[in-house]
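The values are calculated or read from the model by the stated rules, or taken from the named source; none is laboratory data. In this text the structure is predicted, and so the values were computed from the model without any measurement. Note that we place each Cβ from the backbone using ideal geometry, even for glycine, and neighbour counts take in every protein chain shown.
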Amino acid sequence: MNSINTSYLGIGIIALFIILLVVFIIKKAIKLLVFLIIIILVISAYNVFVNKVKPIDLFNGFKTNISYGKDITDYSVKIKTSVANIKDAMGNKSLDAKSANVLKEENENLNRYLTEVKPLEHTEKLNSFHNSYCEYLKSIVGTSDNAIKLASSKNISGLNELLEQFNSGLDQLTKLSGDL
C-alpha cells in the first residue's frame, strides 16, 4: 500500500512540474506579446504625432503588409515546390519525356508566379524587399528557361550546372523570405 502512495506522489510531482513549466512558458509568451504590442504602439504613435501619418493610413499599411507577407509566404512555398520538382526531373541521368514535361510545366508555373508576384500590393517600407524578391525569382525563372532550352538539346551536363544555380537561387530566396 505504501508503494502505491509513493507512485501517486511521484506522478503528482511530475504533473505539478509540467503544469508549472507550461504556466512559465505561457507567462513568457504573454510578456513577449505585450512587449511587441508596446513596440508597435510606440512606433505607431511616433508616426502619427511626429511624421503626421493619419491613423487610418497607418492601419491600412499594416493590413496591406500583413496580406503581402501571407502572399509572399504562399508563393515561396509554391516556388520551392516547383524548384524541387525541377531538381527531381533534372536529377535523372537521362532526360525522358516525363522529365521534359515536368520541366516545361514547372517552368510555366514559375513564369506565372513571377507575373503574379510583381504587382503584389505593399507599402514603401517593403519596396527593397519586394524588389530583391522579384530579382531572385527572375533569376530562378531565367535558370528554368535555360533548363528548358538545354532539355530540348538533351545536354545533361548543362542541366547539372543549372541544378547548382537552382540550389543557389532557392537558398537566397528562402533566406530572403525568412527575413520578412
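Summary of computed values
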| read-out | value |
| --- | --- |
| Of the criteria (1) surrounded by 10 or more Cβ atoms within 10 Å (Cβ to Cβ); (2) modelled with pLDDT of 85 or more, which one Val48 fails | (2) |
| Residues within segment 34-82 that are part of a helix (DSSP H, G or I) and either charged (D, E, K, R) or under 22 Å from the mean Cα position of the chain (by Cα) (or both), tallied | 24 |
| Residue list for segment 100-117, filter: more than 30 Å from Leu58 (Cβ to Cβ) and touching a residue at least 24 places away in the same chain (Cβ under 8 Å) | Ala100, Leu103, Lys104, Glu106, Asn107, Asn109, Leu110, Asn111, Tyr113, Leu114 |
| Residue in segment 65-88 that is surrounded by 12 or more Cβ atoms within 10 Å (Cβ to Cβ), at pLDDT below 90, out of contact with any helix residue (DSSP H, G or I) (no Cβ under 7 Å at 6 or more places or on another chain) and assigned by TED's automatic domain parsing to the domain that holds Leu150 present | yes |
| In segment 118-129, the residues that are part of a helix (DSSP H, G or I) and touching a residue at least 60 places away in the same chain (Cβ under 8 Å) | Lys125, Leu126 |
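Per-residue answers, yes or no, for (1) among the small types (Gly, Ala, Ser); (2) at pLDDT 75 or above; (3) assigned to a helix (DSSP H, G or I); (4) buried (at least 19 other Cβ atoms within 10 Å of the Cβ):
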site	(1), (2), (3), (4)
Lys98	no, yes, yes, no
Glu105	no, yes, yes, no
Glu108	no, yes, yes, no
Asn111	no, yes, yes, no
Glu116	no, yes, yes, no
Ser132	yes, yes, yes, no
Leu137	no, yes, yes, yes
Leu150	no, no, yes, yes
Ser168	yes, no, yes, no
